[in-house]
Amino acid sequence: MREKRENRVVGQTRQMDRGLFRRPLEFHPVRRSALIGATVALLSQFYFNVISSDFRISIAVVLLPVLLMTMGAQIHSLSVCGFTALIVFLFRVLVAVGSHGYTGSRICQQLPGALFYVCYGILFRLQIPNKRITTLPRVVTAVFFCDLLANVAELLLRALLLGTAVNAERALFVLFPIALLRAGLVLLALVMDRQYRELQVRHEQESRYQRLFLMITGLKSELYLMRKNSEEIERVMGNAYHLSEELRAQALPEEMQRRALDIARDVHEIKKDYLRIIRGLEETAENEYDEDHICFRELMEILDATSNGVIREKQLDIRLIYDCRDDFLTREHYALMTVFKNLVGNAIEAIEGDSRRGTITVSERQADGCYLFAVSDNGPGILPRKLDKIFRLGYSTKFDERTGNIYRGVGLAGVKNMVEEHFGGTIAVRSEPGNTCFSVKIPAEAIAYTEEERAVHGERT
């Protein structure tokens, strides 16, 4: 199942990212170009000199192509590099004038450094005409040649302005490995950027998957109770029909006979509509989420993520501990999640109503062909006189002080029905102040795949 979701994530990542690197329009293009130029200009102050005392090698040249392919993906490369050249020139002039005073020669000395970024932009544009559809090897190759050739252009202009000779062989011997190193750093940065964005997409998809799974889990549990209620509706309809027959046998007034028969017919129509709604909800649930089995460990991961989300939202100091020894493949993931979600949710509410600080432990063991589950907490406990009532449908200890409404509990009643009737297991509770534990015992064949089934679906574990 993870492989299927990972394939979905990769597919949606590619759909969202037709080109290699794309970013949403966060700023106006001019503002983004100016921001890129200012960032590169500031970083270019960290440099060392090679070949001559005024020829700089800076890490800023690594950042420039990364920003071109990320933040500047929607902007023309020449525009970004033009802004960068202008800002770098002005910034270096201000630094030079502030340090040594104003002279025309000092200003001219900054022109080659600005020319580097202009040449870089022209070369980059020629090699990468469309940043949305390029590939990573092509970008890295372009970065290497842009770095090398732009440095050569800067060196030649600097030699022309200063009237000095250039040792071409020595210059290439120095600039070639520098360009190669910086291209490698660009490759590393772009790969990390892409991995980070894929992780973001993956995280978003996992969150959506968990929300969908929990929604379907809640829907499945409600459908289970609705199915049980349909049996009650059937019983009421039968009683109404038998009542009409008894009234007819006793020759009671025809009006009473007709009224009893009308009740039976009305209940029958209600039952048909009720079952139609159930079928529609079941079809919707199956269409929205088509996974037919899941690993128990992954089930616990979903439970942990959603429970911790509730804890963070309520700003509680609750620690969740999982002590699960086995990882089995189950087709009953909805029903199991219903059981655990209700038990853990009740434990969170109990601690919230007491000290707002505590520990909840979910444990799992296997013995005598059964899985033994336990959900315990160190909350205030349940009063002895209430222990025999908590599994009754409609019973609740939760009270809303704002509205005065009592929450009619269906959670624990639904859990009991699920465990006993659906799984054929048992559920028990013991409680005292500071320790409440719900113990669930379920036959292994009711929830776990057999060895033969595991052999067929083993790759999913």
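The values are calculated or read from the model by the stated rules, or taken from the named source; none is laboratory data. Small disclaimer: the values here were computed from a predicted structure and weren't measured. Please note: Cβ atoms are built from the backbone with ideal geometry, for glycine as well, and neighbour counts cover all protein chains shown.
Which numbered condition trips up Val339, out of (1) touching a residue at least 60 places away in the same chain (Cβ under 8 Å); (2) over 21 Å from Gly379 (Cβ atoms)? Of (1) touching a residue at least 60 places away in the same chain (Cβ under 8 Å); (2) over 21 Å from Gly379 (Cβ atoms), only one is false for Val339: (2). Considering only residues that are within 15 Å of Thr436 (Cα to Cα) and charged (D, E, K, R), look in segment 335-356 and name the one that is modelled with the lowest pLDDT. Selected residue: Asp354. For segment 322-341, a residue qualifies if it is buried (at least 23 other Cβ atoms within 10 Å of the Cβ) and polar (S, T, N, Q), and exactly one does: Thr338. Within segment 86-95, being more than 14 Å from Leu67 (Cβ to Cβ) and either hydrophobic (A, V, I, L, M, F, W, C) or without any contact (Cβ under 8 Å) to a residue 12 or more places away in the chain (or both) holds for Leu86, Phe89, Leu90, Phe91, Val93, Leu94, Val95.
Looking at segment 339-349, can you tell me whether even one residue there is in the same structural domain as Val429 (by TED's automatic domain parsing), farther than 21 Å from Arg312 by Cα and of a type outside the set (Phe, Trp, Tyr)? Yes - at least one qualifying residue is present in segment 339-349. Residues in segment 23-50 that are at pLDDT below 80 and buried (at least 18 other Cβ atoms within 10 Å of the Cβ): Ser44 alone. Scanning segment 115-161 for residues that are part of a helix (DSSP H, G or I) and without any contact (Cβ under 8 Å) to a residue 12 or more places away in the chain turns up Leu126, Pro137, Arg138, Leu156, Ala159, Leu160.
Yes or no: segment 213-222 includes at least one residue that is touching a helix residue (DSSP H, G or I) at 6+ places or on another chain (Cβ under 7 Å), part of a helix (DSSP H, G or I) and at pLDDT 80 or above. No, every residue in segment 213-222 fails to be touching a helix residue (DSSP H, G or I) at 6+ places or on another chain (Cβ under 7 Å), part of a helix (DSSP H, G or I) and at pLDDT 80 or above. If you check Asp388, Asp354, Asp368, Asp377 for being over 26 Å from the mean Cα position of the chain (by Cα) and surrounded by 21 or more Cβ atoms within 10 Å (Cβ to Cβ), only one passes: Asp377. Residues in segment 173-186 include none that are in contact with a His (Cβ under 9 Å, 6 or more places away or on another chain) and not hydrophobic (A, V, I, L, M, F, W, C). On the stretch given as segment 117-155, residues that are under 17 Å from Val66 (Cβ atoms) and not basic (Lys, Arg) total 21. All told, Ala73 falls short of being closer than 30 Å to Ala159 by Cα and either at pLDDT below 70 or of a type in the set (A, V, I, L, M) (or both).
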